[in-house]
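> My questions all concern the structure below.
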Amino acid sequence: MASLTGQSPGLAEQLQLQLLEDAIPESRVLIIMTGGTICMRPSPSGFVPARGFQEQCLARVPTFNNGSPASMMDVVVNAAGEVRAHPSLRTPQTAYGRRVHYTVFEFEELLDSSSIDAKGWAEIARAVERNYTLFDGFVILHGTDSLAYTCSALSFMLQNLGKPVILTGSQAPMLELQNDATDNLLGSLVVAGHFMIPEVCLYFNNRLFRGNRSIKVAASDFAAFDSPNCPPLAVTTSMRTNVNWELVNRPRSLEHFRITTNLDTTHVACLRIFPGIKPEMVDAVLKLDGLRGLVLETFGAGNAPSGQDNAMTKVLADAIKRGIVIVNVTQCMTGSVSPVYAPGMSLSRAGVVAGLDMTTEAALTKLSYLLALPDSTPEWVAKSMSVSLRGELTEVSQPAFRHPDGALPERVQSLTVLGYAIAQGDLERVQEIVTQEHYWLLNDADYSGNTPIHLAATSQSINILQYMLLQGGSVHLRNQNGRTPLFLAANAGLSEHVLLLRKSGAHLHSDERAAAQLLAQRRPGVWRLAGIERDEGPENS
Ligand code: ASP
């Protein structure tokens, strides 16, 4: 450690520097390595995924390793809940005054992503679920070829997600001299470690996209992905990462994070219409054994040839009568399917569902997800395909306006007024402020790092807390002392508030468990509700 005077530091100075170092807050991020070019190395049969990414590619690079003493991080590695200590690394302090403390968890079999399927998606979802309470965010390293499909699938599989899940990869391996892997991974780590964007996202070439809106647009350019029907959720510049907060989706229910893993990709298909396509061809696909859903890529605003005597429309209508769900998406990069022309209108009359502005990747994975849900009927699936579940489409009736950015003083003012209304238990006033405020306030922090959810966690009115959780306020943000709203509610002895927060997916952060355990000795009841057991171990519920 160098001293300010350039001489080697004395013990007191060393201790002081160490204390300063320790005072820097940290975010905990789990990197899940599934394979892809980012970790590949050359072999006689071409580039193949290689193990040892953390040691080979990150440990030696100062931007990924600040050189702080080695420490271990617990990772839950299998269905039995086995916890393994993994060597971890820390980034240097970021522009946001934090360090990202992380470890890489490598899957047993690393894939070229062209071979991934629903089983691979389930493995990723389970790894996130098992480690959900141990980390603040997740970065998934994945090949680029099928990345947009995986992002879309995961967005449906991860329900009531309250933390960022950022997928990335690269066009050139990390160990190549000129690569995009370094920037893509570093940008993803910064987003996952600093911004409460509780969505499945894709970070590439300095832009953060909603995962289920993105498509691969280039086979070798560094700008490999785009999200033509939805602006980026964030953009990284040389100064900072600018988040487009009004676009960010938040879970608006009082439910825990959970996953669905059994997507039915084996009974769905995708067919691209072309001039001259014969109804018999389409019919042959629709008569594939066990087929339950078809994504039809049509022309322009959703038009397909009707065939002689409307033969094509008849083939489609017959299949729908047999219980097959057919979804209409456009072959165009941008725009939406809408019945403005006669051919599009006749498809919709035949029962073909308008996929609006969904990508093919989103439509196919959404269909696989909905068809696999228990008790799903073709009618219900067809109806749900036109409704936005995770921001994957723009609903026609949804007003498409954007608010201007709030200037800082105005925001601070609104936050203060909201704070007073919470303290006074005035639900009506709280509702008024939240509804009228054009800037997203609920995840904003005051001078001590408390968000409105922190304030509501100890307010006299539980209805205010409930209202704000239903608006999508995060239960995971921590104040300047590193405390979650759950910690504050338990510390105040408010059992009802604790139960409501737990119901909404809140859990104590690993950094606050030691303090919670001490406090639990005096008030075991309320702390038990907050998740502290007498024989403390890592919590995964
Ligand atoms: N074939 C590679 C993969 O998808 C391509 C990449 O990662 O860019 O795994």
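The values are calculated or read from the model by the stated rules, or taken from the named source; none is laboratory data. Remember, it's a predicted structure, so these values are computed and weren't measured experimentally. Positions of Cβ are backbone-derived with ideal geometry, glycine not excepted, and every protein chain shown enters the neighbour counts. The area values use the complete protein model at the heavy-atom level, side chains included, leaving out ligands, DNA and RNA. Shrake-Rupley method; radii C 1.70, N 1.55, O 1.52, S 1.80 Å.
> Just a yes or no: is a residue in region 469-484 touching a Leu at 6+ places or on another chain (Cβ under 9 Å) and not in a loop (DSSP other than H, G, I, E, B)?
Yes: one or more hits.
> Continuing with the same structure: Taking region 125-150 as the search range and keeping residues that are open to solvent by less than 10 Å² (accessible area, probe 1.4 Å) and away from the ligand (no atom under 14 Å from the Cβ), which one is farthest from Gly531 (Cα to Cα)?
Val139
> On to the next question. Since Gln54 meets every condition but one in (1) closer than 18 Å to Tyr132 by Cβ; (2) open to solvent by less than 20 Å² (accessible area, probe 1.4 Å), which condition does it not meet?
(1)
> Something else about it: Cβ-Cβ under 8 Å, sequence separation 6+ or interchain: first residue in region 154-177 and on the phi > 0 side of the Ramachandran plot, partner at pLDDT 95 or above and among the hydrophobic types (A, V, I, L, M, F, W, C). Which pairs?
Asn160/Phe257
Conditions tested, residue by residue: (1) closer than 12 Å to Phe64 by Cβ; (2) at pLDDT below 95; (3) touching a Ser or Thr at 6+ places or on another chain (Cβ under 9 Å).
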position: Asn184; (1), (2), (3): no, no, yes
position: Gly187; (1), (2), (3): no, no, yes
position: Val190; (1), (2), (3): yes, no, yes
position: Glu199; (1), (2), (3): no, no, yes
position: Asn206; (1), (2), (3): no, no, yes
position: Phe209; (1), (2), (3): no, no, yes
position: Ser214; (1), (2), (3): no, no, yes
position: Ala218; (1), (2), (3): no, no, no
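> Please determine, by comparing only the residues of region 393-420 that are part of a loop (DSSP other than H, G, I, E, B) and modelled with pLDDT of 55 or more, which one is least open to solvent (accessible area, probe 1.4 Å).
Leu393
> Those residues that are away from the ligand (no atom under 14 Å from the Cβ) and either in contact with a Cys (Cβ under 8 Å, 6 or more places away or on another chain) or assigned to a helix (DSSP H, G or I) (or both), I need them from region 98-123; list them, please.
Once the filter is applied, which keeps residues that are away from the ligand (no atom under 14 Å from the Cβ) and either in contact with a Cys (Cβ under 8 Å, 6 or more places away or on another chain) or assigned to a helix (DSSP H, G or I) (or both), region 98-123 yields Ala118, Lys119, Trp121, Ala122, Glu123.
> Ser214 passes all but one of (1) over 19 Å from the mean Cα position of the chain (by Cα); (2) of a type in the set (Gly, Ala, Ser); (3) within 16 Å of the ligand (Cβ to nearest atom); which number fails?
The failed condition is (1).
> Give the residue, chosen from Glu533, Glu512, Glu496, that is under 28 Å from the mean Cα position of the chain (by Cα) and either surrounded by fewer than 16 Cβ atoms within 10 Å (Cβ to Cβ) or at pLDDT 90 or above (or both).
None of the others qualify; the one that does is Glu512.
> Identify all residues within region 355-369 that are surrounded by 23 or more Cβ atoms within 10 Å (Cβ to Cβ) and either closer than 11 Å to Leu263 by Cα or touching a strand residue (DSSP E or B) at 6+ places or on another chain (Cβ under 6 Å) (or both); write none if there are none.
Matches in region 355-369: Gly355, Met358, Thr359, Ala363, Leu364, Thr365, Lys366, Leu367, Ser368, Tyr369.
> Somewhere in region 371-392, is a residue open to solvent by less than 50 Å² (accessible area, probe 1.4 Å), modelled with pLDDT under 95 and either among the aliphatic types (A, V, I, L, M) or at negative phi (or both)?
The answer is yes, given that some residue of region 371-392 is open to solvent by less than 50 Å² (accessible area, probe 1.4 Å), modelled with pLDDT under 95 and either among the aliphatic types (A, V, I, L, M) or at negative phi (or both).
> Among the residues of region 219-234, write down those that are touching a residue at least 40 places away in the same chain (Cβ under 8 Å), open to solvent by less than 20 Å² (accessible area, probe 1.4 Å) and either over 13 Å from Ala181 (Cα atoms) or more than 16 Å from the ligand (Cβ to nearest atom) (or both).
Phe225, Cys230, Ala234
> I would also like to ask the following. Looking at Gly473, Gly505 in this structure, which one is on the phi > 0 side of the Ramachandran plot and crowded, with 20+ Cβ neighbours inside 10 Å?
Gly505
> So, one more: For the list (1) more than 29 Å from the chain's Cα centre (by Cα); (2) outside any loop (DSSP other than H, G, I, E, B); (3) of a type outside the set (Asp, Glu), I need the number of the one condition that Gly425 fails.
Of the numbered conditions (1) more than 29 Å from the chain's Cα centre (by Cα); (2) outside any loop (DSSP other than H, G, I, E, B); (3) of a type outside the set (Asp, Glu), the odd one out for Gly425 is (2).
> Also, quick follow-up: Based on what the data block shows, is Val165 farther than 30 Å from Lys503 by Cβ, crowded, with 19+ Cβ neighbours inside 10 Å and either at pLDDT below 95 or among the hydrophobic types (A, V, I, L, M, F, W, C) (or both)?
In short, no.
> OK, next. For region 257-270, name all the residues that are open to solvent by 30 Å² or more (accessible area, probe 1.4 Å), modelled with pLDDT of 95 or more and not charged (D, E, K, R).
Ile259, Thr261, Thr265, Thr266, His267, Cys270
> Pairs needed: first member in region 109-123, without any contact (Cβ under 8 Å) to a residue 60 or more places away in the chain; second member anywhere, near the ligand (Cβ under 8 Å from one of its atoms) and open to solvent by 80 Å² or more (accessible area, probe 1.4 Å); C-beta distance under 7 Å; at least 6 residues apart or different chains.
From residues that are without any contact (Cβ under 8 Å) to a residue 60 or more places away in the chain, the pairs are Ser114/Asp145.
> Right, here's the next one. Determine which member of the set Ala95, Ala70, Ala85 is modelled with pLDDT under 95, farther than 22 Å from Cys201 by Cβ and either more than 16 Å from the ligand (Cβ to nearest atom) or open to solvent by 20 Å² or more (accessible area, probe 1.4 Å) (or both).
Ala70
> Taking region 21-46 as the region of interest, how many residues are surrounded by 15 or more Cβ atoms within 10 Å (Cβ to Cβ) and more than 27 Å from Gly67 (Cα to Cα)?
1
> Hey, could you check region 151-204 for residues that are over 21 Å from Phe135 (Cβ atoms) and acidic (Asp, Glu) and say which is farthest from the ligand (Cβ to nearest atom)?
Per the stated criteria, the residue is Asp183.
> Let me spell it out: the conditions are (1) under 24 Å from Glu428 (Cα atoms); (2) at pLDDT 95 or above; (3) not basic (Lys, Arg), and Thr484 meets all of them except one. Which number is the exception?
(1)
> Then there's this: Hey, among the residues in region 205-218 that are open to solvent by less than 50 Å² (accessible area, probe 1.4 Å), touching a residue at least 60 places away in the same chain (Cβ under 8 Å) and in contact with a Phe, Trp or Tyr (Cβ under 8 Å, 6 or more places away or on another chain), which one's nearest to Leu364 (Cα to Cα)?
Asn212
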